Amino acid sequence: KAVEEKDINATLFRKNVGCLRYLLHTRPNLCYCVGVLSRYMQSPKESHGAAMRQCLRYLRGKTTLGLTFERSTSRVPRLIGYSDNSHNVDPDDGKSTTGHIFYLGESPITWCSQKQETVALSSCEAEFMAGTEAARQAIWLQDLLGEITGTMREKLLIRIDNQSAIALTKNPVIHGRSKHIHTRYHFIRECVENEQIEVEHVSGEKQKANILTKALGRIKFKEMRDLIGVQDLEKTDFKLKGENVEISLRYKLSYKLT
């Protein structure tokens, strides 16, 4: 919180954070940094202002980045999620940061980066809690897609890069490593037992949710940014690129007050 530093203009800081949050709809690579900046809106200090300026400088040089959505080759594309966690990265309260991102086919459709509500005692516990949050989002997405398509979705896949956390999700026995974990975080066990969700291990190099949980170096950040699907749209060929498309209204809407 840097309580010893000088205060900065809180109104301007909050305004910038609010503007940045709109970009998260198409720029998942900004989720972690914007999430961290959002934690200090009540009393921003000089170091928080410096972090804000660094984020704005990055955006000024990368205005053409965004997401593209392509037609899937599969008739029924599978919903796949990635869940990751960074253990004890918050210097103020020691809480971990959870991140998950879901893909329909090859296209990302939803992502999240947020600080956990309780302190995790180990990286295994932090990953287990992050997996539960991803499972809750997965069940909601599964039901939503079922309503849209009118068909039953197949078992959803969540990929985690921690073998111990995966073993914990598949073990229904409450033992010394899990008895202190709050009951709400055992939801993922029930989903695995009911065969609603399948948990699979993925290596750290292919863990797409990694960029949502921690600050990365320049080279690693670019690699993870490309991995999750954020592309330079200026270099992408679009059918209508460079053309002006006019929108004509064929029907006039009239409203009658009664």
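The values are calculated or read from the model by the stated rules, or taken from the named source; none is laboratory data. On a predicted model such as this, the values are computed, not experimentally measured, just so you know. Here the Cβ positions follow ideal geometry from the backbone for every residue, glycine too, while neighbour counts run over all protein chains shown. Only protein heavy atoms, including side chains, enter the accessible area calculation; ligands, DNA and RNA are left aside. Shrake-Rupley method; radii C 1.70, N 1.55, O 1.52, S 1.80 Å.
Numbers at a glance
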| item | result |
| --- | --- |
| Options Ala135, Tyr22, Ala2, ranked by Cα towards positive dipole end of the chain, top entry (Cβ charges) | Tyr22 |
| Probe 1.4 Å, all protein chains present, accessible-area order of Met224, Met41, Met152, largest first | Met152, Met41, Met224 |
| Distance histogram in 5 Å bins (all Cα pairs of the chain, percent per bin) | 1, 5, 11, 14, 15, 14, 13, 10, 7, 5, 3, 1, 1, 0 |
| Solvent-accessible heavy-atom area per residue, rounded to whole Å², over the chain at 1.4 Å | 63 Å² |
| Within the accessible area of region 79-210 (1.4 Å probe), percent carbon and sulfur | 50 percent |
| The chain: calculated mean residue ellipticity at 222 nm from DSSP helix runs of at least 4, using -39500 (n - 2.57) | -11000 deg cm²/dmol |
| Tail fraction, Cα-Cα pairs, region 79-210, threshold 19 Å, whole percent | 46 percent |
| Highest average packing first - 125-132, 160-167, Cβ atoms within 10 Å | 125-132, 160-167 |
| Number of Lys pairs (Cα under 18 Å; 8 or more positions apart or on different chains) in region 1-100 | 4 |
| Lys/Arg +1, Asp/Glu -1 at C-beta; region 35-168 dipole; positive extreme among Val36, Leu65, Thr98 | Leu65 |
| Where Val202, Val89 fall by accessible area, highest first, once all protein chains stay in place (1.4 Å) | Val89, Val202 |
| Charged-residue dipole, Cβ positions (Lys, Arg, Asp, Glu), the chain about Cα centre, Debye nearest 20 | 820 debye |
| Choice from Leu56, Leu141, Leu227 showing the highest fluctuation, given a GNM over the chain with Cα pairs closer than 10 Å | Leu56 |
| Solvent accessible area, Å² - Thr68, 1.4 Å probe, full protein context | 30 Å² |
